[in-house]
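Report on the following structure.
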Amino acid sequence: MNTIDTKALSELTNPVIIDVREPFEYVSGHAPTADSIPLGELVARVEELDRDNTVYVICESGGRSGQAVEWLNTQGFDAVNVDGGTSAWRNAGLPVKKES
């Protein structure tokens, strides 16, 4: 499975980031450009994703995003797991956006 660390992801220009955590987790703090598609909704919402772009998938620590990446890859997407997830993102001191 392809992975990327949070620092490398933060240096990309306009990456497509999908946060597969639950909505209550997402609103408490997420990578600024991440869109929320909870893991349980991914199959139903997969057509929202652009097959022509690499999709970076993030969760809290890498487990749920790993499941999502495996499935997305079987569906023909170039999906990459964010190593360490949002926890690693915060620990690296990268900006976090909170929803009100």
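Structure summary
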{"read-out": "Near pairs, Cβ below 6 angstrom, 6+ apart or cross-chain, from the range 25-48 (touching a residue at least 40 places away in the same chain (Cβ under 8 Å)) to any residue that is surrounded by 14 or more Cβ atoms within 10 Å (Cβ to Cβ) and part of a helix (DSSP H, G or I)", "value": "ALA31/TRP89"}
{"read-out": "Check on VAL82, free of Cβ contacts under 8 Å to residues at least 40 places away in the same chain, in contact with a Phe, Trp or Tyr (Cβ under 9 Å, 6 or more places away or on another chain) and closer than 14 Å to ILE17 by Cβ", "value": "no"}
{"read-out": "Spans of helices (runs of 4 or more DSSP H) in the chain with at least 3 residues surrounded by 15 or more Cβ atoms within 10 Å (Cβ to Cβ), modelled with pLDDT of 95 or more and not small (Gly, Ala, Ser)", "value": "63-74, 85-91"}
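The values are calculated or read from the model by the stated rules, or taken from the named source; none is laboratory data. Nothing here was measured: the structure is a model prediction, and the numbers come from that model. Neighbour counts run over all protein chains shown; Cβ positions are idealised from the backbone, glycine included.
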